[in-house]
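The values are calculated or read from the model by the stated rules, or taken from the named source; none is laboratory data. Just so it is clear, the model here is predicted, and its values are computed rather than measured. No Cβ is skipped: glycine too gets one built from the backbone with ideal geometry, and neighbour counts run over all protein chains shown. Areas reflect the complete protein model, heavy atoms only, side chains present, ligands, DNA and RNA absent. Shrake-Rupley method; radii C 1.70, N 1.55, O 1.52, S 1.80 Å.
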Amino acid sequence: DHLGPTVCVGEILVEIVATTVGDGFLEAQPLVGPFASGAPAIFISQCGRLGGAAAMVGAVGDDDFGRVNIDRLKRDGVDVSTIAVHPDYPTGSAFVRYRKDGSRDFVYNIARSAAARFGWSPRVSDLINRTGHLHVMGSALSVPSAREVIDKAVDIVKARGGTLSVDPNIRKELQLDVETERRFLRLVAAADLLLPSGQELERAAGITGEANAIRRLFEIGVNEIVLKRGAEGATYFGRNGERIDAPAFLVEEVDPTGAGDCFGGAYLTCRRLGMSPDEALTYGSAAGARNVTVRGPMEGAGTRQELDAFIASTERLS
Ligand code: ATP
Ligand code: MG
């Protein structure tokens, strides 16, 4: 887009995954990783892979986990010059193990890692002042340094005619503190594109019932809503009552992490490249589905060519 790159602000992590299904980490066990991760980083990786102009704001430590992330995003075509390398704190990390019922156990090091230690700087200011689109993940709102950057960036990007997308990305049982909840609702109201999954739609709208939620969100100024439904597909809602249901691609799920972020990154990038909602939905759905077939949160993010090949060779739910 002529207005400038898509920018994402937030946590950058490595993920280390248990290779066996079970409960937690109380015994020595086989692990695989580090994989580049962090919801905002996955989103921007998918943008870059699809050929959209993309930049990431965040921080890593001066260690191999940090280099894994920076190298990965660089290879994807993402501008990494606003990823700070913290001299003292290690790169953020998440150890993950899937339980039998599909739920997960985590050991996190985020709040006290480099992932939470960045802020507004001359370099970030320079980037935001030429940003065309800002994407915000709800998960970044619990990181104070990200909050500061996001607050400033939203105003600047909107004032220069840029656009905003928001993925609520909060588990429904997560109780935000009053201040964060207020910030979250302000972001939702400022969003041009909202990318909720499941119950997040009603949560963002502050009202129950899908139709009520959609109506309310358009009333408060949202322009476009895409609801993600995991293996059941996704639905686009337009301001003038348009609705497009995108059936999911039929794949074998190896690792569900990152599907929503890849979906969002692909959908947004395709829209910014000038595609219709219908076309963008196809690429978003393909990006989400392809990503779950590969272990690692962003290892399955696809290029345009890879997604075209995936679309041509994969059946869809009907
Ligand atoms: P995340 O766990 O990354 O936060 P999310 O809840 O935001 O994910 P999902 O709805 O899980 O988002 O996935 C986004 C999209 O990716 C879906 O709407 C669907 O198109 C596709 N997708 C996800 N999982 C599958 C699957 N198992 N099979 C096919 N498509 C999938
Ligand atoms: Mg999500």
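How about the range 83-104: which of its residues are surrounded by fewer than 20 Cβ atoms within 10 Å (Cβ to Cβ), touching a residue at least 60 places away in the same chain (Cβ under 8 Å) and either in contact with a helix residue (DSSP H, G or I) (Cβ under 8 Å, 6 or more places away or on another chain) or among the hydrophobic types (A, V, I, L, M, F, W, C) (or both)?
Result: Phe95, single match.
Taking Gly241 as the residue in question, decide whether it is away from ligand 1 (no atom under 11 Å from the Cβ), at positive phi and open to solvent by 10 Å² or more (accessible area, probe 1.4 Å).
yes
Counting only residues that are more than 25 Å from Gly161 (Cβ to Cβ) and within 16 Å of ligand 1 (Cβ to nearest atom), which one in the range 197-212 is surrounded by the fewest Cβ atoms within 10 Å (Cβ to Cβ)?
So, considering only residues that are more than 25 Å from Gly161 (Cβ to Cβ) and within 16 Å of ligand 1 (Cβ to nearest atom), the one surrounded by the fewest Cβ atoms within 10 Å (Cβ to Cβ) is Glu210.
Quick test of your reading of the structure: Gln175 fulfils all but one of (1) in contact with a strand residue (DSSP E or B) (Cβ under 8 Å, 6 or more places away or on another chain); (2) part of a loop (DSSP other than H, G, I, E, B); (3) at pLDDT below 95. Name the failing condition by number.
So the condition that Gln175 fails would be (1).
Please pick out the residue among Arg216, Arg182 that is part of a helix (DSSP H, G or I) and at pLDDT below 95.
Going through Arg216, Arg182 in turn, just one is part of a helix (DSSP H, G or I) and at pLDDT below 95: Arg182.
Out of everything in the range 218-237 that is over 25 Å from Gly258 (Cα atoms) and either open to solvent by less than 20 Å² (accessible area, probe 1.4 Å) or not small (Gly, Ala, Ser) (or both), what residue ends up being farthest from ligand 1 (Cβ to nearest atom)?
Looking at the filtered set, the residue picked out is Glu219.
Kindly provide the set of residues from the range 144-173 that are among the aliphatic types (A, V, I, L, M), open to solvent by 10 Å² or more (accessible area, probe 1.4 Å) and more than 14 Å from ligand 1 (Cβ to nearest atom), ordered by number.
Within the range 144-173, Val154, Ile156, Ala159 qualify.
Does Asn169 count as part of a loop (DSSP other than H, G, I, E, B) and more than 12 Å from ligand 2 (Cβ to nearest atom)?
So Asn169 does not fit the description; no.
Can you run down the residue pairs with Cβ atoms below 8 Å, 6 or more apart or on separate chains, where the first is in the range 21-36 and in a strand (DSSP E or B) and the partner is polar (S, T, N, Q)?
From the range 21-36, the pairs are Leu31/Thr19; Val32/Thr19; Pro34/Ser93; Ala36/Ser45; Ala36/Asn69.
Within the range 237-247, identify whether any single residue is within 20 Å of Ser142 (Cβ to Cβ) and at pLDDT below 95, and answer yes or no.
no
Only one of (1) among the small types (Gly, Ala, Ser); (2) part of a loop (DSSP other than H, G, I, E, B); (3) at pLDDT below 95 fails for Gly161. Which number is that?
Here Gly161 meets the rest and fails (3).
Take the residues in the range 244-271 that are near ligand 1 (Cβ under 7 Å from one of its atoms) and among the acidic types (Asp, Glu), then tell me which one is farthest from the chain's Cα centre (by Cα).
Applying the filter and picking the extreme gives Glu253.
Considering the range 132-143 alone, what residues qualify as being surrounded by fewer than 22 Cβ atoms within 10 Å (Cβ to Cβ) and away from ligand 2 (no atom under 16 Å from the Cβ)?
Gly132
Just to check your reading of the model, which residue among Gly288, Gly274, Gly241 is within 17 Å of the chain's Cα centre (by Cα) and either part of a loop (DSSP other than H, G, I, E, B) or within 16 Å of ligand 2 (Cβ to nearest atom) (or both)?
Criteria check complete, one pass: Gly288.
This table checks each residue for (1) under 20 Å from the mean Cα position of the chain (by Cα); (2) within 29 Å of Arg271 (Cβ to Cβ); (3) open to solvent by 20 Å² or more (accessible area, probe 1.4 Å).
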residue	(1), (2), (3)
Ile70	yes, yes, yes
Ile110	yes, no, yes
Leu127	yes, yes, no
Arg130	no, yes, yes
